[in-house]
Amino acid sequence: MIEIKSDGNERETWIETTMAYVPHVARRYIGCGLPFDELIACGNLGLVEAAIRYQPERGVKFVTYADWWIRKSMLSAIQQQADPVRVPRYRSEKAARIREARRELRSARTGEPGIDEVAEASGIPAKEVHRILAMSMPPLSLHQPAKADGSLLLEDVLVNRAQKDTAELWIRRQFTNWVLSHLSDLDPREREILILRYGLLGTPALTLRKIGAQVGLSRERVRQVEHSALAHLREMI
């Protein structure tokens, strides 16, 4: 039984009324390397963490807020349980060639080079460049700064959206979390344009024309990259 130190009974009530939700989340991760009871134990720890951090004045239901913390705790335990990934030598060599090609392309132009450009410069097929770059990028965290000065966290940006309608907030939060978790599977150009187009990091969503001016592409080319990124995301569903 988890002991909870609280200023009152409210925090204990949040946890007690949400405890039954933890097994529901744990079922999603059956077969991922941890026994079901360990998943539940990790989820309960995440639930307690959520209760400590929860701010009711934001207008978000506790279960909505706790869902992310429960999943985070389970996934962290699964990741720690997993064996380290051994990167073959040939892939390390290709990754080094890709880094060098990107460095040279950046020095010769403004903005991030696209996958096709990197593929041509490195002599590595575009599909393999995409895969190696995706593997090398760490996933975004809801607790990383959404502003350069660190005054706003990404979590704050997402939670503060659409607070008037909790049902809408739930759907939007789940979708946004899913998109953020898969941004690392896109190439850097696609990732940048989706972030700018939909304001995923708290910045205002921009028009195709404004994005084009910012990244040095035509409006039509930005539209094509956006459609390509969305198509890649649809393939992951």
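The table for this structure:
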| item | result |
| --- | --- |
| Residue match in segment 20-31 (condition: at pLDDT below 75, assigned by TED's automatic domain parsing to the domain that holds residue 72 and not in a helix (DSSP H, G or I)) | yes |
| Verdict on residue 132 being of a type in the set (Val, Ile, Thr), at pLDDT 80 or above and not assigned by TED's automatic domain parsing to the domain that holds residue 204 | no |
| Residue check, residue 56 within 13 Å of residue 14 (Cβ to Cβ) and more than 21 Å from the chain's Cα centre (by Cα) | yes |
| Flag if residue 77 is at pLDDT below 85, crowded, with 20+ Cβ neighbours inside 10 Å and in a helix (DSSP H, G or I) | yes |
| Selection from segment 58-71 of residues that are modelled with pLDDT of 85 or more and either of a type in the set (A, V, I, L, M, F, W, C) or more than 19 Å from residue 16 (Cα to Cα) (or both) | 62, 63, 66, 68, 69, 70 |
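The values are calculated or read from the model by the stated rules, or taken from the named source; none is laboratory data. Computed from a predicted structure; not experimentally measured. Cβ: placed from backbone, ideal geometry, glycine included. Neighbour counts: every protein chain shown.
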